[in-house]
Amino acid sequence: MTSSAAPFSYEVLHQCPHTKARVGRFHTPHGVVDTPRFMPVGTAATVKGISIDQLRSTGAQMVLSNTFHLHLQPGEAVVAAAGGLHRFMGWHAPMLTDSGGFQVFSLASLNAISELGVTFKSPRDGLVVELTPERVMAIQNSLGADVAMAFDQCPPYPASHADVQEATERTHRWLERCVAAHNCANQALFGIVQGGCYEDLRKESARVVAGFDLPGVAIGGVSVGEPALAMHEVVRWVTPLLPLHKPRYLMGVGTLPEMAQAVAEGVDLFDCVLPTRLGRHGAALVGGERWNLKNARFRNDHSPLDSTCPCPTCQQHSRAYLHHLIKSDEILGLTLLSLHNLSQLLRFTNAMAMAIRDGCFAEHFAPWEPGSAAAHTW
């Protein structure tokens, strides 16, 4: 069971002397992705509230979009007629499309799962939508992102061992069908490891998915309600069983402690809606904290949001101004906070890469803390 994608390769450039962390470079037809790297989520071909020029300013190298949502609106035929997803949204760097497998989990009340695939009732208009591994591959081929994700079944948390085993084994059978249906040489197919919080199922899934010899492997089924410690265990079980010279992608994770601990276990790529979701709710990521800019303590605070941050929000605006925008329900406030939050997560992954190269990376990486050996990376 093998699949190759000639335009894609991954090279490990540096390895941490204290952990399994590594600095790498993922080559795609639309450019290079330096790892470790956070990937902003542009579900509907847009990172919410952020223009393409602003997105570039964050240091983003790879962006995600979602197959399920783009299939519903505007439809993959419209995107293909525009020249593909890159041209449609004006982002000419690497892109990845999720398969819609997460919607099997998040829209459980609207779907029915069978061996053939998943039948949804569209949350937009109530019409029936059927997704199969073959259909998902065809949609992603039309969208034209650099990386396509296999169609998987993400079990909920908590779930019984029997139910998770059934979903995991179905994910493996669907992966085989995805590999058979995927025929785009300029698009890499990544398999997804499932198995819930069960060690035996996770390890077996890692072995099966790694056996397909795809250009990359993702760890799915985390950040679905399980405790953070359980997520860390899953990563520790899985990463030793994955190929060394393929990128490893932890899906749906974008909190600083979880990214640091995953990088320490050898994970390379992350994505999460957290930075823009927080921004839309008036919250900012500053160091290891979340600040609510609606709080009255910011009303007369004319200092930058984060004096150490190079993003346009921090370089041009004060906490008082951001507080004013949020309290006034001005769209600009949500955009500026989202821009800062995205920059913060990308800055964090850049800092981890520098610390790995300099030999001062640690599992509990927090370079903003006083006395940190990695302070120069921040």
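The conditions of being under 23 Å from residue 255 (Cα atoms) and open to solvent by less than 10 Å² (accessible area, probe 1.4 Å) are not met by residue 224.
For region 168-195, which residues satisfy the criterion of being open to solvent by 10 Å² or more (accessible area, probe 1.4 Å) and either farther than 21 Å from residue 158 by Cβ or under 20 Å from the mean Cα position of the chain (by Cα) (or both)? Reasoning before the result, please.
Filtering region 168-195 down to residues open to solvent by 10 Å² or more (accessible area, probe 1.4 Å) leaves 169-170, 172-173, 176-177, 179-186.
Listed by number, the residues that qualify are 172, 173, 176, 177, 179, 180, 181, 182, 183, 184, 185, 186.
Of the residues 127, 189, 131, which is on the phi < 0 side of the Ramachandran plot and at pLDDT 95 or above? Among 127, 189, 131, only 189 is on the phi < 0 side of the Ramachandran plot and at pLDDT 95 or above. Within region 340-373, being hydrophobic (A, V, I, L, M, F, W, C), in contact with a helix residue (DSSP H, G or I) (Cβ under 6 Å, 6 or more places away or on another chain) and not in a helix (DSSP H, G or I) holds for 361, 365. Candidates 266, 279: the one that is in contact (Cβ under 8 Å) with a residue 24 or more places away in the chain, within 26 Å of residue 57 (Cβ to Cβ) and not hydroxyl-bearing (Ser, Thr, Tyr) is 279. Inside region 270-297, residues that are open to solvent by 40 Å² or more (accessible area, probe 1.4 Å), within 28 Å of residue 249 (Cβ to Cβ) and among the small types (Gly, Ala, Ser) make up a count of 1. In summary, helices (runs of 4 or more DSSP H) completely within region 221-339 and bearing 2 or more residues that are closer than 21 Å to residue 55 by Cβ, out of contact with any helix residue (DSSP H, G or I) (no Cβ under 8 Å at 6 or more places or on another chain) and at pLDDT 95 or above occur at 312-316.
Each row is one residue, and each column tells you yes or no for (1) without any contact (Cβ under 8 Å) to a residue 12 or more places away in the chain; (2) closer than 28 Å to residue 34 by Cβ; (3) touching a Cys at 6+ places or on another chain (Cβ under 7 Å).
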{"position": "315", "(1), (2), (3)": "yes, yes, no"}
{"position": "319", "(1), (2), (3)": "no, no, no"}
{"position": "332", "(1), (2), (3)": "yes, no, no"}
{"position": "339", "(1), (2), (3)": "no, yes, yes"}
{"position": "357", "(1), (2), (3)": "no, yes, no"}
{"position": "360", "(1), (2), (3)": "no, yes, no"}
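When region 13-61 is filtered for residues that are open to solvent by less than 40 Å² (accessible area, probe 1.4 Å), at negative phi and in a strand (DSSP E or B), the ones remaining, listed by number, are 22, 23, 24, 26, 28, 33, 35, 37, 38, 39, 40, 41. Among the conditions (1) touching a strand residue (DSSP E or B) at 6+ places or on another chain (Cβ under 6 Å); (2) surrounded by 15 or more Cβ atoms within 10 Å (Cβ to Cβ); (3) touching a residue at least 12 places away in the same chain (Cβ under 8 Å), the only one that residue 137 does not satisfy is (1). There is at least one residue in region 160-167 that is buried (at least 23 other Cβ atoms within 10 Å of the Cβ), in contact with a helix residue (DSSP H, G or I) (Cβ under 7 Å, 6 or more places away or on another chain) and at pLDDT 95 or above.
Looking at this structure, is residue 213 within 13 Å of the chain's Cα centre (by Cα), open to solvent by 10 Å² or more (accessible area, probe 1.4 Å) and over 24 Å from residue 166 (Cβ atoms)? Outline the logic, then answer.
On the way: within 13 Å of the chain's Cα centre (by Cα): no; open to solvent by 10 Å² or more (accessible area, probe 1.4 Å): yes; over 24 Å from residue 166 (Cβ atoms): yes.
No: the conditions fail for residue 213.
Would you confirm whether any residue within region 241-248 is open to solvent by less than 40 Å² (accessible area, probe 1.4 Å) and more than 20 Å from residue 10 (Cα to Cα)? Scanning region 241-248 turns up no residue that is open to solvent by less than 40 Å² (accessible area, probe 1.4 Å) and more than 20 Å from residue 10 (Cα to Cα).
Rundown of residues vs (1) of a type in the set (Ser, Thr, Tyr); (2) surrounded by fewer than 18 Cβ atoms within 10 Å (Cβ to Cβ); (3) over 22 Å from the mean Cα position of the chain (by Cα); (4) under 20 Å from residue 378 (Cα atoms), yes/no style:
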site	(1), (2), (3), (4)
299	no, yes, yes, no
314	no, no, yes, yes
319	no, no, yes, no
322	no, no, yes, no
327	no, yes, yes, no
330	no, yes, yes, no
345	no, no, no, yes
349	yes, no, no, yes
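The values are calculated or read from the model by the stated rules, or taken from the named source; none is laboratory data. Quantities reported herein were computed from a predicted structural model and do not represent experimental measurements. Heads up, the Cβs are rebuilt from the backbone with ideal geometry, glycines too, and the neighbour counts pull from every protein chain shown. Ligands, DNA and RNA are stripped out before the accessible areas are found, and what is left, the full protein with its side chains, is counted by its heavy atoms. Shrake-Rupley method; radii C 1.70, N 1.55, O 1.52, S 1.80 Å.
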